[in-house]
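The values are calculated or read from the model by the stated rules, or taken from the named source; none is laboratory data. Computed from a prediction, not measured in an experiment: that's the story for all the values here. Cβ sites come from the backbone with ideal geometry, for glycine too, and all protein chains shown count toward neighbours. Please note that ligands, DNA and RNA were not included when accessible areas were found on the heavy atoms of the full protein model with its side chains. Shrake-Rupley method; radii C 1.70, N 1.55, O 1.52, S 1.80 Å.
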Amino acid sequence: MRNIGSFPKTRLRRLRKTRWIRSLVSENNISNNDLVLPIFVREGKNKIEPIKSMPGVNRYTIDKLPVILKQVKKYKIPMIALFPNTPNNKKDKHGSEALNPKNLVCKSLKFIKKTYPQIGIMCDVALDPYTSHGHDGIIIKDEIDNDETIKVLIKQALLQVRMGCDVIAPSDMMDGRVGAIRKALDKNNFQNISVLSYGVKYASTFYGPFRDAVGSNSKLKKNKKTYQMDFRNSTESLREVSLDIKEGADMVIVKPGMMYLDIIKKIKDNFNIPVLAYQVSGEYSLIKDGIKKKILNEDSIIESVLSFKRAGACAIITYFALDIAKRIK
Ligand code: PBG
């Protein structure tokens, strides 16, 4: 620590005196450029359906997507993340709907790339929105089979890219999937498609509201602890990220975000790779609930995302993206 002098010569409050001077010396800031907005899509027509577990977040039918995309464009949010709510009758053991070129994500990709080509789109690579058991992979002999799952994930990734996806985001936590997907993309002339790995993804209860949003919660048998990370671990995150980088990841996600600021900082300090924080559904809903009950006010949203910037995240995937962009404009 450098010598900062001592009182009364030094008064730190001088730099807090006015709004303009606070802005002048601020070390971290949030801008619209730092935000990714997740969007849920559903089947049908002319519907914007509120999600009970995530107040303020809706599921959109494709024809209604412009309602939210118009705002994404207006507030210059660089990228959205697409998540499908697959009808139960299209879910099966193998998640085969993931490979249907007419599934919700594929149809949405085509629609958005045609109508809003300036908006970047990331898509999850994982089977949980499509499986009848709610797991991210294929179950063989009561286990989520790593290598069989990867075979399907490669196909899912290629399909999404063909439909217009810009950023492929494997969120399944199978070992070796980043390398396998990168290789397949390159072989198919998609050298310029980037891979954003959910490299540091903990088995968290804070995904609850999301699982409700995509309709996998009631389906999920047991938990995801055999493939997602154990939240007692920290050093393990370094191993995950170093493997992902070797396998060709362009960026990595730390997820959940708020409870894992130490991990964001650790990755940032140890690697030269852009780190994105995912402020997950449970974190969103807690803050939202606090605001609703007037225990918190709206400033808590900005405070929560600034913590990611302080920790070293370059961007934040958050359900608050539009609220934030509007607020800071
Ligand atoms: C799918 C996936 C999940 C989330 C993003 N992608 C849920 C899970 O792994 O169970 C959670 C996002 C959130 O809670 O906001 N694998």
Return a whole-number percent for the relative contact order of the chain, with Cα pairs under 8 Å and 6 or more residues apart as the contact set. 18 percent
Please state the relative contact order of region 10-141 as a whole percent: Cα pairs under 8 Å, 6+ residues apart? 24 percent
With every protein chain kept in place and a 1.4 Å probe, the chain has an accessible area per residue in Å² of 50 Å²
Please work out how much length the chain gains when fully extended from residue 298 to residue 73, using 0.36 nm per residue of separation minus the C-alpha to C-alpha distance, in nm with one decimal. 78.7 nm
Once you put a point 7 Å from the Cα of residue 93 and another 7 Å from the Cα of residue 192, both along the Cβ direction, what distance in nm separates them? 4.3 nm
In degrees, nearest 10, range 0 to 90: what is the angle between the Cα axis of helix 299-311 and the longest Cα principal axis of the chain? 90 degrees
With the crude spin-label approximation of a point 7 Å out along Cα→Cβ, what separation in nm comes out for residue 262 versus residue 14? 3.7 nm
For the chain, modelled as a Gaussian network with Cα springs under 10 Å, which listed residue fluctuates most, 131, 318, 18? 18
If I build a Gaussian network model for the chain, linking alpha-carbon pairs within less than 10 angstrom, which residue out of 253, 140, 77 has the largest mean-square fluctuation? 140
Could you tell me how many degrees, from 0 to 90 and to the nearest 10, lie between the Cα long axis of helix 236-247 and the main elongation axis, the longest principal axis, of the Cα atoms of the chain? 60 degrees
GNM flexibility winner over the chain from 75, 202, 278 (Cα, springs under 10 Å): 75
Over 29 Å between alpha carbons, listed pairs 93/255; 47/73; 107/222: 107/222
Carbon and sulfur atoms account, in whole percent of the 1.4 Å probe accessible area of region 160-208, for 47 percent
Checking the table 76/102; 141/201; 102/329 against a 27 Å threshold on Cα-Cα, which pairs fail? 76/102; 102/329
Summing Lys, Arg as +1 and Asp, Glu as -1, what charge do residues with Cβ under 9 Å from the Cβ of residue 146 carry, residue 146 excluded? -4
